[in-house]
Amino acid sequence: MKKTVWIGKIPLYLFMLVLSVCALLPFYMMIVMGTHYSEDLYTGVKLFFGKYFVENFHAVMRQNFLLYYANSLIVACCNTIGGLLVSALAGYAFAKYDFRGKKPLFAMIVATLAIPQQLGLVGFVMEMRWIGMNNTLFPLIVSGMANAFGVFWMRQFIESSVPDEIIESGRVDGCREFGIFFRLIMPIIRPALITIFLLFFLWSWNNYMTPLVMISDQKYYTIPLSIALISSEYRTDYAARILALSMGTIPILILFSFGSKYLIRGLVAGSVKG
Amino acid sequence: MTKKSAPYAMILPYFLLYIAFGLFPILFSLGVSFTSWDGIGEMTFVGLKNYVRVFTQDKYFYKSLWNTLILLGISTPIQITLGLLTATFLKDFFKKTQNGLQLINFLPYITTPVAVGIIFQLMFDWKSGVVNAFLNLFGAESVYWLGHAWTARAVVIFMLIWKNYGYKMIMFLSGLSTIPDELYEAAKIDGASWWARFTKITIPLLKPIFVFVIITSVINGFKLFDEPQLLFNSAGQPTGGPDRSVMTVVMKFYDSSFKNFEFGYGSALAYCLFLVIAAASLVLFRVVNGKKKED
């Protein structure tokens, strides 16, 4: 009896195996190709590690890669932390307070979910030029900081997982309204904060289009833009570029390895009422 | 701060940021879309001329819209099916290894699009790509993937599925965990098969997640830019792939605005895209709600 159950599951295991291999293969290829001599990548399939890692690493470092790394980190951290605070505060207000204009204001936020970011891109570029902030990291930090998805999700989460009694008891104890939020609410909504942190960080780190149209001064390039600069002695060094990309994936990989189980937990609680 | 004024103070940062860096640029772009302007010189008012040009003279607008619809229309249903299946399988049969498998299947979604572009370029390379090597292994001939219109589209569709099914899986996993276990237990006692439980309990109860996933996929699908752009980014490759077969509306917008510096025309294109997205969202809502009434 047990045996037939096991055999019946073979197609299932095969399905998961094939899918997982497909998911991993390009990722694996990325790491492998970063260790080969660039021109060799076009002479045949490379399935195993090569011997050119050190040279590629030097080619990457010659291009000030650490500067672009730092730029990416600054942008992603500021954008994520700012966006997280803004969304959590607004989400909390919409979930737990009654105030005039609450419904239309929230409906407005939800409606902006359907607006593509590109709609205002030309205006955003010009705005930044006028205030002299184009070619700085500032536009990359503030763009998307007011994130409708974040507010929407935070409201759902807080509404379903924060009991009103906690807020009342905080008031009785003489906490101020903002004190209640920072001291009592923030710890309770940690799963949602982690989830939104992971997603915001990912989106900011991988953002390609905003820096592409905003930044022309190489000093302020982020990793996705800097890749095109990597070349050695008048030739395009694809292997070095790929190595740089592998290196650029490390922070995201670390964050998600630790956070992936929180990701679902945070999403779950937010979707209960969704 | 009193209880009355506190909520306003809490939503203030959001609205200040949104008005300054979201709403203002959008309204300004709307104004620009009625002008002819390169961002530096004189701005001349041209009325609806840009919009007339989008709809009547620019054959590449329709082509890019058509391309976007093909890429979106084929890849989205597959992404959703794969995401749903993996999520259910993980929950029902892979309890012990769920965390690891979850991360593996989510890995494509977190990989930088720039990396995805370069890796897929090399994997689908005509001469040295791993895909053709695999085909040759079975005696099939090498395919010039990135050189023909429809094979280039197939590669982009494959990229999109590969990149996004893990995100769908996460969404469905979060939805699945809100379905009470007692329902499944009761069905099991009644002798319902796995398939019956899947079609009679899982799918109907996941409806809210389906609505969310379908609508966000369509909205995001219309914004498609990174993947096809980066696949054909290197020197010697035509913009938008062979015969512009993977040129999307946003790529067209990017070309007009930031390569040709036609800010007015580019803004008009962005507004046309917005109209398409708004119409598609409305139709989708109708379809979804119509289905609800039948139930």
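The values are calculated or read from the model by the stated rules, or taken from the named source; none is laboratory data. No experiment lies behind these values; they were computed from the predicted model shown. Glycine also receives a Cβ, built like all others from the backbone with ideal geometry; neighbour counts cover every protein chain displayed.
What the table shows:
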{"quantity": "Residue that is farthest from the chain's Cα centre (by Cα) [pool: residues in segment B:259-282 that are without any contact (Cβ under 8 Å) to a residue 12 or more places away in the chain and over 16 Å from B:LYS223 (Cβ atoms)]", "calculated": "B:ASN260"}
{"quantity": "So A:TYR221, is it more than 23 Å from the chain's Cα centre (by Cα) and surrounded by 19 or more Cβ atoms within 10 Å (Cβ to Cβ)", "calculated": "no"}
{"quantity": "Identity of the residue in segment A:33-57, assigned to a helix (DSSP H, G or I) and of a type in the set (D, E, K, R), that ends up modelled with the highest pLDDT", "calculated": "A:GLU55"}
{"quantity": "Matching option when the condition is closer than 20 Å to A:LEU119 by Cβ and touching an Asp or Glu at 6+ places or on another chain (Cβ under 6 Å), among B:PRO25, B:PRO113", "calculated": "B:PRO25"}
{"quantity": "Hits in segment B:205-231 - residues which are surrounded by 22 or more Cβ atoms within 10 Å (Cβ to Cβ) and out of contact with any helix residue (DSSP H, G or I) (no Cβ under 7 Å at 6 or more places or on another chain)", "calculated": "none"}
{"quantity": "Evaluation of B:ILE40 against (1) crowded, with 16+ Cβ neighbours inside 10 Å; (2) among the hydrophobic types (A, V, I, L, M, F, W, C); (3) more than 9 Å from chain A (Cβ to nearest Cβ) (one fails), failing number", "calculated": "(1)"}
{"quantity": "Residue, surrounded by the most Cβ atoms within 10 Å (Cβ to Cβ), within segment A:146-180, restricted to residues that are part of a loop (DSSP other than H, G, I, E, B) and away from chain B (no Cβ under 12 Å)", "calculated": "A:VAL162"}
{"quantity": "Meets criteria (within 10 Å of chain B (Cβ to nearest Cβ) and without any contact (Cβ under 8 Å) to a residue 24 or more places away in the chain) for A:LYS96", "calculated": "no"}
{"quantity": "From A:PHE57, A:PHE53, A:PHE27, residue being within 11 Å of chain B (Cβ to nearest Cβ) and surrounded by fewer than 21 Cβ atoms within 10 Å (Cβ to Cβ)", "calculated": "A:PHE27"}
{"quantity": "Subset of segment B:1-22 that is in a helix (DSSP H, G or I) and among the hydroxyl-bearing types (Ser, Thr, Tyr) - its residue that is farthest from the other protein chains (Cβ to nearest Cβ)", "calculated": "B:TYR8"}
{"quantity": "Criterion violated by A:GLN63 - all others in (1) more than 13 Å from A:MET247 (Cβ to Cβ); (2) crowded, with 17+ Cβ neighbours inside 10 Å satisfied", "calculated": "(1)"}
{"quantity": "Segment A:13-32 residues that are assigned to a helix (DSSP H, G or I), paired with ones that are aromatic (Phe, Trp, Tyr) (beta carbon under 6 Å, 6 or more apart)", "calculated": "A:VAL32/A:PHE49"}
{"quantity": "Residues (over 17 Å from A:LEU255 (Cβ atoms) and in contact (Cβ under 8 Å) with a residue 40 or more places away in the chain) located in segment B:91-104", "calculated": "B:LYS91, B:ASP92"}
{"quantity": "Matching residues, segment B:98-115, being within 7 Å of another protein chain (Cβ to nearest Cβ), under 17 Å from A:SER20 (Cα atoms) and part of a helix (DSSP H, G or I)", "calculated": "B:ASN99, B:LEU101, B:GLN102, B:LEU103, B:ILE104, B:ASN105, B:PHE106, B:LEU107, B:PRO108, B:ILE110"}
{"quantity": "Residue ranges of helices (runs of 4 or more DSSP H) in segment B:151-268 with at least 1 members under 22 Å from B:GLN102 (Cα atoms), at pLDDT below 90 and β-branched (Val, Ile, Thr)", "calculated": "B:207-222"}
{"quantity": "Test: A:GLU127 is assigned to a helix (DSSP H, G or I), in contact (Cβ under 8 Å) with a residue 60 or more places away in the chain and either touching a helix residue (DSSP H, G or I) at 6+ places or on another chain (Cβ under 6 Å) or within 11 Å of chain B (Cβ to nearest Cβ) (or both)", "calculated": "no"}
{"quantity": "Residue satisfying all of: in segment A:235-271; modelled with pLDDT under 75 and closer than 27 Å to A:GLY34 by Cβ; nearest to the other protein chains (Cβ to nearest Cβ) among these", "calculated": "A:THR236"}
{"quantity": "Among the residues listed as B:GLY83, B:GLY22, B:GLY31, the single one being under 25 Å from the mean Cα position of the chain (by Cα) and free of Cβ contacts under 8 Å to residues at least 60 places away in the same chain", "calculated": "B:GLY22"}
{"quantity": "Failed criterion for B:ARG244 (all others in (1) touching a Ser or Thr at 6+ places or on another chain (Cβ under 8 Å); (2) away from every other protein chain (no Cβ under 12 Å); (3) at negative phi hold)", "calculated": "(3)"}
{"quantity": "Lone qualifier among B:GLY47, B:GLY31 - being outside any helix (DSSP H, G or I), more than 7 Å from every other protein chain (Cβ to nearest Cβ) and surrounded by fewer than 17 Cβ atoms within 10 Å (Cβ to Cβ)", "calculated": "B:GLY47"}
{"quantity": "Every residue from segment A:77-105 that is among the aromatic types (Phe, Trp, Tyr) and either surrounded by fewer than 19 Cβ atoms within 10 Å (Cβ to Cβ) or farther than 25 Å from A:ILE166 by Cα (or both)", "calculated": "A:TYR97, A:PHE99"}
{"quantity": "Boolean, B:ALA192 is without any contact (Cβ under 8 Å) to a residue 24 or more places away in the chain and more than 9 Å from chain A (Cβ to nearest Cβ)", "calculated": "yes"}
{"quantity": "Exclusive hit being of a type outside the set (Val, Ile, Thr), in contact with a Leu (Cβ under 7 Å, 6 or more places away or on another chain) and under 30 Å from A:GLY132 (Cβ atoms), set A:PHE197, A:PHE201", "calculated": "A:PHE201"}
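Residue-wise test of (1) more than 10 Å from every other protein chain (Cβ to nearest Cβ); (2) surrounded by 14 or more Cβ atoms within 10 Å (Cβ to Cβ).
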| site | (1), (2) |
| --- | --- |
| B:LEU90 | no, yes |
| B:ILE118 | no, yes |
| B:GLY139 | yes, no |
| B:LEU146 | yes, yes |
| B:ALA152 | yes, yes |
| B:ILE170 | no, yes |
| B:SER174 | no, yes |
| B:THR178 | no, yes |
